[in-house]
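Novice: The structure's right below; bear with me while I get my questions together.
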Amino acid sequence: MDLPPSAPQSLSSIKERSYNRATLTDDGIMITSQASANPSNSGSVSNSNRGSGFYGYNNSTSSLQSAASSCFETTSLISCVTCLSDTNSTDHHHRQHGDSDDTSGLLSQDPDDIPYSSVNRQLLVNTVIPYGRILYAKYLENPNGYTDNGNEASSSKATNGANAHDSETNVVADASPALKTASSDDTIKEPFLQDENNDGGENQAATGRDGYQLVEITFAKPRRHDLVPKRLTLLINFFSSSPDADVVEEILARSYKNTKRNRSVLVIINPHGGKGKAKKLFMSKCQPILLASRCSLDIAYTKYACHAVDIARQVDVDKYDTIACASGDGIPYEVMNGLYQRADRAKAFNKLAITQLPCGSGNAMSVSCHWTSNPSYATLSLVKGVESRIDLMCCSQPSYYESSPRLSFLSQTYGVIAESDINTEFIRWLGPARFELGVAFNVLQRKKYPCDVWLKYAAKSKNEVKTHYLEHKKKAEETVSDVNSTVAPEDEITDADFVLKYPYDKGVPEDWEKLDSSVTDNLGIFYTGKMPYMAADAKFFPAALPNDGTMDLVVTDARTSVTRMAPILLALDKGTHVLQPEVIHCKIVAYKLIPKLHSSLFSVDGEKFPLEPLQVEVLPRICKTLLRNGCYVDTEFDSM
Ligand SMILES: Nc1ncnc2c1ncn2[C@@H]1O[C@H](COP(=O)(O)OP(=O)(O)OP(=O)(O)O)[C@@H](O)[C@H]1O
């Protein structure tokens, strides 16, 4: 990408600048004094240090005036050359020290919730940049300062080899024709990353004079509705009794607590996803954050329906730790099934975390796991997420179970919802409204979907569901806090974990209970789910938990009056529909449904499945994914 004419052309111009001073707090990096053009206003910069090469500026008035453009000079330069212009940024928002945030509040899309700010492009004193937002940190220079020839790199210990390697790993080539690498035309190589790769002082344990060290951080900064990576140069006050103290390592350790740094990601983009916008969304909203976080990326584009199954079947499991589906919910479904069909499936599910970057029309996985349907915020959640095990559901029907059952991570449905989801494809142009219209139409008609259903209960009554939920949620929270304090426990699965307890051909076990036929003869909705949200505004399964070994079931009776059904459906956004007396809500570990209709269908994770008997059981903890803060988005079910 060419530099715009107005952009500074030489790195030597950058050295004439002032920096914000900062210190590390428990929550983030706190600005302790503002950058200033006027030496008399330069806060706590001591006389003995002022003007030293260490600060990167000399003490001539003109230089200091040129430095008046503040610590954001770097940022604005970078913004300029990477088209990440900050012009309309929400810099006026700020959060004072003591009002700092943890990661739980960081992914909010509310611009009022921005935890740092600047006035006249300068960060306010006491602003805290939370660790949850920090993507990367490095030493900008060694403590001896820049040399006079304007060559930054030459003033530092040579680490360019490591950075060249870095740059190579960012653009891994792959022989597979299905895979397009991040160095292809489709990838905008961010100049700020190249700049970083050329830096000479990266990750050196510099020991600064008086404990001050010049560090550059890259952080995710809110801009309009999104997050964009920005850089900021800070003079950090870091005192430590240890001779090996390394402030950059300390910042990175705090910023990536309980998470893996430098993920190796295979991104699968469905170019048709999200009405054809998936690729553009990924490139503009997700890729900059992944690259700024020093993840290495390979990109694969799906070229035909079910291509992601083939990609996952063939992927080099040793090469990646993450598969990120820049798509709707269809591609993660295909990836899980592709991995399931591999001979080394236990290894594949142990090695790879499957996650979604919400670039499709249905993004239930991202809403549930990353707590957002915004691609840039979901990417931050990917980068910072806690690797967690989730249960999957294994589906068997006569036409395919012998060759290979199908995995489902989200839901299976029969009746009103299935028909509204799949049979309204012809009115796709209506967008999400098509689904709601379909449901409304079928509910108004009070259409019945007779069937027989057998259930293996884990919690039958609504009270039992609540008790189960509270117990398992508490257990999950304890596990997450264990992970927080120690290294994640070894939690590997083996081939034995894939063996079905209730194979289809063995019939219905005796301890399964048949659902009352007065309900199943008049069935309206049959819907099972493993994640809380089925769409951004449909909290269909508020009691769903990642790995409690159960799926949630919601059943309605088509004879329920329209005046009762309307408020039930309208309560979907709050999730309180499950509390209504007309709604059956239970937790089950397995079920069998035999349809009694000749023309209808099942929808499994949004895919059309044949109208045949369907038997499903939970496969506990089979899949690894990334959960923000180690849990599903809070549904507030415990307080319902
Ligand atoms: N190149 C392609 N051509 C045709 N179909 C494709 C292609 N790539 C992927 N698909 C199919 O598109 C389907 C939907 O994918 P995905 O969930 O990512 O998108 P989406 O925007 O959420 O779509 P939907 O609106 O159907 O939910 C999947 O079944 C997948 O097999």
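The values are calculated or read from the model by the stated rules, or taken from the named source; none is laboratory data. Not measured: the values here are computed from a predicted model. Note that we place each Cβ from the backbone using ideal geometry, even for glycine, and neighbour counts take in every protein chain shown.
Novice: Please count how many residues of the range 326-338 are touching a Leu at 6+ places or on another chain (Cβ under 7 Å) and either among the hydrophobic types (A, V, I, L, M, F, W, C) or more than 16 Å from the ligand (Cβ to nearest atom) (or both).
Specialist: 2
Novice: Going by the conditions given, is TYR320 in contact with a strand residue (DSSP E or B) (Cβ under 6 Å, 6 or more places away or on another chain), away from the ligand (no atom under 16 Å from the Cβ) and among the aromatic types (Phe, Trp, Tyr)? Steps first, answer last, please.
Specialist: Working: in contact with a strand residue (DSSP E or B) (Cβ under 6 Å, 6 or more places away or on another chain): yes; away from the ligand (no atom under 16 Å from the Cβ): yes; among the aromatic types (Phe, Trp, Tyr): yes.
In short, yes.
Novice: Could you tell me how many of the residues in the range 215-256 are closer than 18 Å to MET30 by Cβ and assigned to a loop (DSSP other than H, G, I, E, B)?
Specialist: Qualifying residue count, the range 215-256: 3.
Novice: Among the residues of the range 379-390, write down those that are in a strand (DSSP E or B) and either in contact with a helix residue (DSSP H, G or I) (Cβ under 6 Å, 6 or more places away or on another chain) or under 16 Å from GLU334 (Cα atoms) (or both).
Specialist: First, the residues of the range 379-390 that are in a strand (DSSP E or B): 386-390.
Of everything in the range 379-390, those that are in a strand (DSSP E or B) and either in contact with a helix residue (DSSP H, G or I) (Cβ under 6 Å, 6 or more places away or on another chain) or under 16 Å from GLU334 (Cα atoms) (or both) turn out to be VAL386, SER388.
Novice: Residues VAL618, VAL578: which one is farther than 19 Å from GLN397 by Cα and more than 16 Å from the ligand (Cβ to nearest atom)?
Specialist: On the way: VAL618 fails: farther than 19 Å from GLN397 by Cα.
Exactly one of VAL618, VAL578 is farther than 19 Å from GLN397 by Cα and more than 16 Å from the ligand (Cβ to nearest atom), namely VAL578.
Novice: Further question on the same structure: Would you mind finding the one in SER399, SER411 that is at pLDDT 90 or above and more than 32 Å from the chain's Cα centre (by Cα)?
Specialist: Details: SER411 fails: more than 32 Å from the chain's Cα centre (by Cα).
Result: SER399 is the single residue among SER399, SER411 that is at pLDDT 90 or above and more than 32 Å from the chain's Cα centre (by Cα).
Novice: Please work out which residue is surrounded by the most Cβ atoms within 10 Å (Cβ to Cβ), limiting yourself to the range 527-540 and to residues that are within 27 Å of LEU597 (Cα to Cα) and modelled with pLDDT under 95. Break it down stepwise before answering.
Specialist: Filtering the range 527-540 for residues within 27 Å of LEU597 (Cα to Cα) gives 527-530, 534, 540.
With modelled with pLDDT under 95 added as a condition, the list becomes 527, 534, 540.
Details: TYR527: 21, MET534: 26, PHE540: 24.
Ranking the qualifying residues of the range 527-540, first place goes to MET534.
Novice: What is the residue count in the range 260-305 for residues that are assigned to a helix (DSSP H, G or I) and more than 9 Å from the ligand (Cβ to nearest atom)? Even if it seems obvious, please write down each step before you answer.
Specialist: Residues of the range 260-305 assigned to a helix (DSSP H, G or I): 273-276, 278-292.
Among the residues that remain, those that are also more than 9 Å from the ligand (Cβ to nearest atom) are: 279-292.
The number of residues fulfilling the criteria is 14.
Novice: While we're looking at this one, here's another question. State whether the residues of the range 361-372 include one that is away from the ligand (no atom under 15 Å from the Cβ) and within 18 Å of SER284 (Cα to Cα).
Specialist: Looking for residues that are away from the ligand (no atom under 15 Å from the Cβ) and within 18 Å of SER284 (Cα to Cα), one finds at least one in the range 361-372, hence yes.
Novice: Out of the residues in the range 247-291 that are surrounded by fewer than 24 Cβ atoms within 10 Å (Cβ to Cβ) and of a type in the set (Gly, Ala, Ser), state the one that is farthest from the chain's Cα centre (by Cα).
Specialist: Only one residue tops the list, namely GLY276.
Novice: Then there's this: Quick check: anything in the range 542-555 on the phi < 0 side of the Ramachandran plot and more than 29 Å from the chain's Cα centre (by Cα)? Full working, then the answer.
Specialist: Step one: of the range 542-555, the residues on the phi < 0 side of the Ramachandran plot are 542-548, 550-555.
Now drop any that are not more than 29 Å from the chain's Cα centre (by Cα), which leaves 555.
Checked against the condition, which is being on the phi < 0 side of the Ramachandran plot and more than 29 Å from the chain's Cα centre (by Cα), the range 542-555 yields at least one hit.
Novice: Related question: Show the residue pairs meeting these rules: Cβ distance below 8 Å; 6+ apart or different chains; first residue within the range 299-324 and assigned by TED's automatic domain parsing to the domain that holds GLY338; second residue within 12 Å of the ligand (Cβ to nearest atom) and of a type in the set (Lys, Arg).
Specialist: Note: pairs meeting the criteria are TYR301/LYS279.
Yes/no matrix, rows are residues, columns are (1) at pLDDT below 95; (2) of a type in the set (A, V, I, L, M, F, W, C); (3) under 16 Å from CYS451 (Cα atoms):
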{"residue": "LEU569", "(1), (2), (3)": "yes, yes, no"}
{"residue": "GLU582", "(1), (2), (3)": "yes, no, no"}
{"residue": "HIS585", "(1), (2), (3)": "no, no, no"}
{"residue": "ALA590", "(1), (2), (3)": "no, yes, no"}
{"residue": "LEU593", "(1), (2), (3)": "no, yes, yes"}
{"residue": "SER599", "(1), (2), (3)": "yes, no, yes"}
{"residue": "GLY606", "(1), (2), (3)": "yes, no, no"}
{"residue": "GLN615", "(1), (2), (3)": "no, no, yes"}
{"residue": "CYS623", "(1), (2), (3)": "no, yes, no"}
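Novice: While we're here: Looking at (1) of a type in the set (Lys, Arg); (2) exposed (fewer than 15 other Cβ atoms within 10 Å of the Cβ); (3) at pLDDT 95 or above, which is the one condition that is false for LYS475?
Specialist: LYS475 satisfies all of (1) of a type in the set (Lys, Arg); (2) exposed (fewer than 15 other Cβ atoms within 10 Å of the Cβ); (3) at pLDDT 95 or above except (3).
Novice: Tally time: how many residues in the range 509-531 are assigned to a loop (DSSP other than H, G, I, E, B) and either among the basic types (Lys, Arg) or under 39 Å from the mean Cα position of the chain (by Cα) (or both)? Before the answer, list the steps.
Specialist: Taking the range 509-531 as the starting set, the residues that turn out to be assigned to a loop (DSSP other than H, G, I, E, B) are 509-512, 515-516, 521-522, 530-531.
The next check asks that each one be either among the basic types (Lys, Arg) or under 39 Å from the mean Cα position of the chain (by Cα) (or both); those that pass are 512, 515, 530-531.
Count: 4.
Novice: Kindly list the number of the only condition in (1) assigned to a loop (DSSP other than H, G, I, E, B); (2) more than 26 Å from THR560 (Cα to Cα) that fails for VAL616.
Specialist: Single failed check for VAL616: (1).
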